[in-house]
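Values quoted throughout were computed directly from the atomic coordinates according to the rules given, and no laboratory measurement underlies them. Note that the structure is a prediction, hence the values are computed from the model and not measured. All Cβ positions, even for glycine, are placed from backbone atoms using ideal geometry, and neighbour counts span all protein chains on display.
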Amino acid sequence: MNQNRTQKLTAAEKFDWLRLIRSDNVGPITFYKLLERFATAADALRALPDLSRHGGGKRIKVFSKAKAEAEVEALVSIGARLVSRGGPDYPPLLAHIEDAPPLIGLLGHAHLLAKKAVAVVGARNASINGYRFARKIAADLGQGGLLVVSGMARGIDAAAHEGAIATGTLAVLGGGLDVVYPKENQSLYERIVAEGALISEVPPGTRPLARHFPRRNRLISGIARGVVIVEASPRSGSLITARMALEQGREVFAVPGSAVDPRAGGTNHLIRQGAILTESAEDVFQALNEAERTPLKEREPVDLKGVSLSAPAPDEVEEARGAIEKILSPTPSLVDEIIRNCQFSPPVVSWVLLELELAGRLERHPGNQVSLIQGP
């Protein structure tokens, strides 16, 4: 399916998508592998137990219909809804990243997600000057027609949302759409619900944990054409967002700061590494205008309503399992390299890797890499 075209799922199909992505050991990349292999999410759901068993795992927990219904009802109760990849309200650039969520919860004004976007992120313990700069550049970017995206954390994120709320801002949450975090942002949250938009890929009621934020950060950078880092220490999570932006082919902008302020250590380092030195919104507009002359390279399209592929011959898969496991290690390896180093066809290798992942024994990494998960 060409991602530039919209695809409307039926209510039943979207429900099956929700059950599939919420099932054990199914992340976004695995979700798409399953849809490439099976005709529908419903067919993939039926296949999960056997795939997991063949991969050597315990009985996989398939997300129940009752839990899926409860999640949909929880979204409806707060005025939110599920938006599917390929659907008309899904953020256009987000659809092109390798691990784009198949479904996101959306609360607020959906039309904002169609605008060209830029992210503004930075330190939670922001300085007064950093807070003032973030608010000003976000306001200027918004007045220039861009949607300002951030993560609604305290500090720079909150300042960015406040600066752009009059022209449109999008908050990407690490927890559920109904969970305000931090609590001090309650009034900001309510204003964004009324005037902007919020999205999350996790179910309502989910409390944000540290492990949720790197996954949230990939959405922030994936939605945007560029990421502006205002303040960041050398170990800041904002640098993770910058790294993800680079991996996704986005521009990275960094605001220089004092050499004696730890909050400028990360941004100054980014500038030394080639990030665009940014002193005003004009620097962002200029770079993005130049970048648009070379459009973002899109990934190969994923057919989200494909034709079911035949499973490889059982005896061939049986023979391949042991050989492929011997090649794998805890260090990530390219799938193409695995194929080159064994005598089995790509469909057989893909099938075995899928079995191992659904068994909870394999982890996928960006760049089409996989690694074996070591036992306890």
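Here r is the Cβ-Cβ distance between Gln369 and Arg191 and R0 is 56 Å; the resulting FRET efficiency, rounded to 0.05, is 0.85.
Note on Glu292 and Lys326: with the Förster distance fixed at 51 Å, the Cβ-Cβ geometry gives a FRET efficiency of about 0.60.
Available extension along the chain between His111 and Lys58 is 14.7 nm, counting 0.36 nm per residue and deducting the alpha carbon span. Relative to the current alpha-carbon distance between Asn129 and His269, full extension at 0.36 nm per residue lengthens the span by 48.5 nm.
Annotation for Lys183 and Asp43: the two label points, set 7 Å from Cα along the Cα-Cβ direction, are 5.0 nm apart. Select from Leu354, Leu328, Gln343 the residue farthest towards the positive end of the dipole of the stretch 314-372; place +1 on Cβ of Lys and Arg, -1 on Cβ of Asp and Glu, and compute about the Cα centre. Farthest towards the positive pole: Leu328. Computed over neighbours whose Cβ is under 13 Å from that of Arg132, the net charge equals -1, Lys and Arg +1, Asp and Glu -1. Sorting Asp157, Asp43 by the number of Cβ atoms found within 10 Å of their own Cβ, with the fewest placed first, yields Asp43, Asp157. Structural descriptor for the chain: relative contact order 19 percent, calculated from alpha carbon pairs under 8 angstrom and at least 6 residues apart. Express the Stokes-Einstein translational diffusion coefficient of the stretch 314-372 in µm² s⁻¹, to the nearest whole number, given a Kirkwood radius over alpha-carbon pairs, 4 °C and a viscosity of 1.567 mPa s. After rounding, the answer is 116 µm²/s. Taking the chain as a Gaussian network of alpha-carbon nodes connected by springs under 10 Å, the highest mean-square fluctuation of the residues Pro256, Pro332, Pro91 belongs to Pro332. In terms of the Cα gyration tensor, with a ≥ b ≥ c the square roots of its eigenvalues, is the stretch 114-163 rounded because a/c is under 1.5, prolate because a/b exceeds b/c, or oblate? Oblate is the answer for the stretch 114-163, as a/c is 1.5 or above yet b/c matches or exceeds a/b.
Kirkwood radius for the chain, taken over all pairs of different Cα atoms as the inverse mean of 1/r, rounds to 21.7 Å. Rounded to the nearest 500, the 222 nm mean residue ellipticity of the chain from helices alone is -13000 deg cm²/dmol, with -39,500 (n - 2.57) taken per DSSP H run of at least 4 residues. Considering only trypsin sites (Lys or Arg not before Pro) in DSSP loops that have at most 11 other Cβ atoms within 10 Å, the longest stretch of the chain without any of them is 60-210. With the convex hull of its Cα atoms as the shape, the stretch 75-162 has an orientation-averaged projected area of 6.5 nm².
The residues Thr278, Thr241, when put in order of fewest to most other Cβ atoms within 10 Å, stand as Thr278, Thr241. Counting DSSP beta bridges with both partners in the stretch 106-291, what percentage is antiparallel, nearest 5? Around 15 percent antiparallel, to the nearest 5. Computed from point charges on the beta carbon alone (+1 for Lys and Arg, -1 for Asp and Glu), the dipole magnitude for the chain about its Cα centre is near 640 Debye.
Both the radius of gyration and Dmax for the stretch 1-149 are 19.0, 57 Å, in that order, over alpha-carbon atoms.
For the stretch 38-131, applying the loop criterion from DSSP together with a ceiling of 14 other beta carbons within 10 Å to the GluC sites (Glu not before Pro) yields no site.
Scattering from the stretch 123-241 was approximated by placing one identical point on each alpha carbon and applying the Debye formula without solvent; log10 I(q)/I(0) at 0.10, 0.12, 0.18 1/Å stands at -0.25, -0.37, -0.88.
So the label point goes 7 Å from the Cα of Arg211 along Cα→C-beta, right? Which residues of the stretch 335-376 then have their backbone N under 15 Å from it? Hits in the stretch 335-376 for Arg211 at 15 Å: 360-364, 373-376. Taking a point 7 Å out from the Cα of Val76 in the direction of its Cβ, the residues of the stretch 184-217 whose backbone N falls within less than 19 Å of it are 203-205. Derived from the Cα gyration tensor, the three semi-axes of the equivalent ellipsoid of the stretch 11-89 are 24, 15, 10 Å, largest first.
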